[in-house]
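Written below as structure tokens is the structure these notes are about.
The values are calculated or read from the model by the stated rules, or taken from the named source; none is laboratory data. Keep in mind the model is a prediction, meaning the values are calculated, not measured. Positions of Cβ are backbone-derived with ideal geometry, glycine not excepted, and every protein chain shown enters the neighbour counts. Note: accessible area is taken over every heavy atom of the protein model, side chains too, but ligands, DNA and RNA are not part of it. Shrake-Rupley method; radii C 1.70, N 1.55, O 1.52, S 1.80 Å.
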Amino acid sequence: KIDSFASAGSTGAMLVGTMYSVGVMEKVLRPCLAALIPKEKGGVSLLVDVGVNPDAKPELLYQFGLLGSIYAKCALGIENPKVALANIGEEEEKGNAQTQAAHKLMKQSKQYNFIGNAEPIEIFKSNADVIVCDGFVGNILLKTAEGVSGAISKIIKRNVKESAIAMIG
């Protein structure tokens, strides 16, 4: 038995290999990848999917909410995880046809605690424990966050160095 594994290779190949060697939960149409996103006030949110399913249908987004909720309960110890759908606005009617249809399915869910849409600006402030999106959006969110984090770190280091030089000079 193992608790986890990692790969520096192809994500798609890792996913297919995992599906054949470990398997997937019964009635799960497609597995997804998740990333832990830090919250400003402490703790983390789970962002699903971050790259495997770039064109996920609304039914898959619904399932990602369920999978994320189960993970948040079992792995993160959150008793009743709050699940949100990443979207361009908080209002129910916002988004493209995919997110509008997914919102309708998720809103009717009795399997998990759906709290509505989450705008990208709310990702790090989020009230949600699980944030659902397709793999295209999730991958862009994740890589943008990584890029911004790296850039801010370099800017801070440069500014500290320049401040030190200015103080000496």
In a shell of Cβ-Cβ distance under 14 Å around ALA72, excluding ALA72 itself, what net charge do Lys and Arg (+1) and Asp and Glu (-1) give?
+1
Unit-weight point scatterers at every alpha-carbon of the chain, Debye formula, q = 0.08, 0.10, 0.15, 0.19 1/Å: log10 I(q)/I(0) is -0.29, -0.43, -0.84, -1.25
On alpha carbon coordinates alone, what is the Rg over Rh value for region 19-81, Rh being the Kirkwood radius?
0.99
Under the Karplus curve 6.51 cos²θ - 1.76 cosθ + 1.60, θ = phi - 60°, whole-Hz ³J(HN,Hα) for region 146-156, x wherever Gly or Pro sits
4, x, 5, 4, x, 5, 4, 4, 5, 5, 5
By average Cβ neighbour count within 10 Å, what is the ranking of 69-79, 120-130 from highest down?
120-130, 69-79
Could you check the simple spin-label distance between THR144 and ILE156, using points 7 Å along Cα→Cβ, in nm with one decimal?
2.1
Portion, in percent, of the accessible area of region 1-152 that falls on carbon or sulfur, probe 1.4 Å
57
Karplus-derived 3J(HN,Hα) from phi for region 11-18 (6.51 cos²θ - 1.76 cosθ + 1.60, θ = phi - 60°), whole Hz, x at Gly and Pro, runs 5, x, 5, 5, 5, 4, x, 5
Which cross-chain or sequence-distant (5 or more) residues have an amide H under 5 Å from the amide H of LYS39, H modelled 1.01 Å from N in plane?
VAL44, SER45
Of region 124-142, those with amide N under 15 Å from the point 7 Å along the Cα→Cβ vector of ALA101 are 134
Taking amide H positions as placed in the peptide plane 1.01 Å from N, state which residues far from ASN113 in sequence (5 or more) or on other chains have amide H under 5 Å from it.
VAL83
³J(HN,Hα) computed for each position of region 110-119 - Karplus, 6.51 cos²θ - 1.76 cosθ + 1.60, integer Hz, glycine/proline x:
9, 8, 7, 8, 7, 10, x, 7, 10, 6
